[in-house]
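Before any comments, here is the structure.
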Amino acid sequence: KHGVLTVTIPLPPRKQCHCYSVLRISYICCGFLLNQHYNPAFVSLQMMKHAWDNYKRYAWGLNELKPISKQGHSSNLFGNIQGATIVDALDTLYIMEMKEEFKEAKEWVEKNLDFNVNAEISVFEVNIRFVGGLLSAYYLSGEEVFRKKAVELGEKLLPAFNTPTGIPWALLNIKSGIGRNWPWASGGSSILAEFGTLHLEFVHLSHLSGNPVFAEKVMNIRKVLNRLDKPEGLYPNYLNPSSGQWGQHHVSIGGLGDSFYEYLLKAWLMSDKTDEEGKKMYYDAVQAIETHLIRKSSGGLTYIAEWKGGLLEHKMGHLTCFAGGMFALGADGAPNDKTGHHIELGAEIARTCHESYDRTSMKLGPEAFRFDGGVEAIATRQNEKYYILRPEVIETYMYMWRLTHDPKYRQWGWEAVEALEKHCRVDGGYSGIRDVYNNHESHDDVQQSFFLSETLKYLYLLFSEDDLLPFEHWVFNTEAHPLPVLHKDNGNKEENQK
């Protein structure tokens with residue numbers, strides 16, 4: 001207004017510089033912040049564009065991208081089913097209004113997404129990524145192809161429930177219908193977090209198909225669990241699908257247990273708070289977790305330990321960091337005026353998980369961190385020092401921001417953006433890191449599909465207004481795929497769309 005400002009910005013060759021105004025001119029070049037006036041939601045969108053464009057360029061139609069090698073990467077979790085990144089990213093593309101990219105992804109699904117393959121798949125992973133991704137894409141866009149594909153795949157998964165108890169197998173050949181469990185699982189058991197993380201998607205499959213069998217299968221899992229004695233009110237990670245008995249008495253709110261608890265709460269919320277059984281199971285479990293697993297370090301950090309036959313292991317995984325958001329999301333329905341307590345518990349877990357990031361060289365969190373031997377929130381074993389673009393800490397920041405509007409959660413989210421851009425961004429996409437305590441990056445050369453589905457979506461939501469996918473209308477599955485609340489006064493399935 002009062003003069004001329006000349007700014008010289010050195011640009012790498014052949015790179016675009018995106019300039020826009022937020023009262024003052026801001027410059028974002030190649031994903032990096034060049035001054036203090038910025039739009040963080042725009043930055044997360046640019047990160048998505050970089051991840052997606054490189055997947056399209058080097059691995060289109062394959063499951064994931066190797067961003068250093070610039071070629072496709074396939075995980076045995078999906079068998080011969082292809083396109084995991086495409087299906088996982090559909091709703092993120094839609095929410096970010098990346099319309100051309102969404103259109104080309106939809107066309108790939110129509111022409112190329114094929115479930116008629118002779119392959120063994122992880123029932124859990126295919127459900128949360130493929131079924132969840134297709135359901136969300138349908139509810140957001142209304143495109144019938146996504147509903148049809150979701151129901152088709154759901155039908156392919158039903159033989160997994162053909163066990164004496166109805167507790168599903170972990171692995172299923174979707175052509176032969178033959179299932180089995182992971183060979184490493186205690187006594188041939190199914191895994192709590194795997195068979196406990198089907199409920200949201202299968203209820204929606206019944207809702208959209210008119211076929212009650214999907215919901216019946218997951219409600220039967222509840223019946224089996226409710227008949228069993230729970231040691232100290234806790235749910236062990238292993239359950240034998242033939243005998244219906246617990247395996248080893250190991251309890252974790254991280255890997256092997258985590259999303260079971262998440263889905264109890266979210267089943268109640270998704271039912272428009274009519275699923276009283278899910279509600280009771282969730283709050284009873286949280287009470288047992290508080291009593292037996294939640295501890296405070298000598299330095300004042302609240303953490304969730306793991307329970308092995310009554311003995312605590314003072315270790316917390318990156319996966320466990322989702323629980324901060326879960327406690328806060330469930331605070332409003334907490335019994336005995338404990339709403340404030342649950343919010344505070346969420347805030348304390350968020351702080352601990354932020355410390356696990358802040359105490360590394362790269363400001364990215366390790367796979368697991370410990371509270372023993374004089375250390376707090378630090379990984380002590382080499383095989384726990386890696387970061388594979390996981391979303392759980394950012395997920396908790398997003399929930400805590402929405403539910404408290406404390407600005408520190410956006411600040412912490414921005415710190416994660418800066419660390420991702422500095423250490424994980426490469427020419428060919430984004431890569432995980434082998435050791436976050438090292439000063440020099442050693443990349444693992446995998447761009448996980450959940451980076452596009454979860455990490456970048458939660459960042460975008462953290463920096464967006466609360467009316468984008470508001471919690472009163474949407475519940476996120478454990479892969480961050482939004483599913484609509486099934487309002488009790490809403491019998492018409494089409495009215496549940498956006």
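State whether the residues of the stretch 325-341 include one that is of a type in the set (Ser, Thr, Tyr), surrounded by fewer than 18 Cβ atoms within 10 Å (Cβ to Cβ), modelled with pLDDT of 95 or more and over 20 Å from Cys424 (Cβ atoms).
Narrowing the stretch 325-341 to residues of a type in the set (Ser, Thr, Tyr): 339.
From what's left, surrounded by fewer than 18 Cβ atoms within 10 Å (Cβ to Cβ): 339.
Next, only the ones that are modelled with pLDDT of 95 or more stay: 339.
Now narrow it down to the ones that are over 20 Å from Cys424 (Cβ atoms): 339.
Scanning the stretch 325-341 turns up at least one residue that is of a type in the set (Ser, Thr, Tyr), surrounded by fewer than 18 Cβ atoms within 10 Å (Cβ to Cβ), modelled with pLDDT of 95 or more and over 20 Å from Cys424 (Cβ atoms).
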### Task
Taking the options Val131, Val117, Val145, Val109, name whichever one is out of contact with any helix residue (DSSP H, G or I) (no Cβ under 8 Å at 6 or more places or on another chain) and either free of Cβ contacts under 8 Å to residues at least 12 places away in the same chain or open to solvent by less than 40 Å² (accessible area, probe 1.4 Å) (or both).
Val117
### Task
Scan the stretch 219-232 and give yes if some residue there is buried (at least 20 other Cβ atoms within 10 Å of the Cβ) and part of a helix (DSSP H, G or I), otherwise no.
yes
### Message
Return the pair list, or none, for Cβ contacts closer than 9 Å from residues in the stretch 53-64 that are of a type outside the set (S, T, N, Q) to residues that are in a loop (DSSP other than H, G, I, E, B) and surrounded by fewer than 19 Cβ atoms within 10 Å (Cβ to Cβ), at least 6 apart or on different chains.
### Response
Tyr55/Leu62; Arg57/Lys70; Tyr58/Ser69; Tyr58/Lys70; Ala59/Lys70; Leu62/Ser74; Glu64/Ser74; Glu64/Ser75
### Message
I'd like to check something: does the stretch 460-483 contain any residue that is in a helix (DSSP H, G or I) and open to solvent by 10 Å² or more (accessible area, probe 1.4 Å)?
### Response
yes
#### Entry: Elements of type strands (runs of 3 or more DSSP E) in the stretch 63-174, at least 3 residues being more than 20 Å from the chain's Cα centre (by Cα) and either more than 29 Å from Tyr460 (Cβ to Cβ) or modelled with pLDDT under 95 (or both)
171-173
### Query
Would a scan of the stretch 428-448 turn up a residue that is open to solvent by 10 Å² or more (accessible area, probe 1.4 Å) and within 20 Å of Gln46 (Cβ to Cβ)?
yes
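Conditions tested, residue by residue: (1) among the acidic types (Asp, Glu); (2) under 30 Å from His249 (Cα atoms).
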| position | (1), (2) |
| --- | --- |
| Glu100 | yes, no |
| Asn112 | no, no |
| Ala119 | no, no |
| Ile128 | no, yes |
| Leu157 | no, yes |
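May I ask you to say which residue of Leu319, Leu265, Leu301 is more than 19 Å from Phe371 (Cα to Cα), crowded, with 19+ Cβ neighbours inside 10 Å and touching a residue at least 12 places away in the same chain (Cβ under 8 Å)?
The match here is Leu265.
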### Query
Which of (1) open to solvent by less than 10 Å² (accessible area, probe 1.4 Å); (2) of a type in the set (Val, Ile, Thr); (3) closer than 30 Å to Ser136 by Cα is the odd one out, the single condition Ile289 does not satisfy?
(3)
### Message
Could you go through the stretch 390-405 and let me know if any residue there is open to solvent by 50 Å² or more (accessible area, probe 1.4 Å), over 26 Å from Glu465 (Cα atoms) and β-branched (Val, Ile, Thr).
### Response
no
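The values are calculated or read from the model by the stated rules, or taken from the named source; none is laboratory data. Small disclaimer: the values here were computed from a predicted structure and weren't measured. Every residue, glycine as well, gets a Cβ built from its backbone with ideal geometry; the counts of neighbours run over all protein chains shown. Ligands, DNA and RNA are stripped out before the accessible areas are found, and what is left, the full protein with its side chains, is counted by its heavy atoms. Shrake-Rupley method; radii C 1.70, N 1.55, O 1.52, S 1.80 Å.
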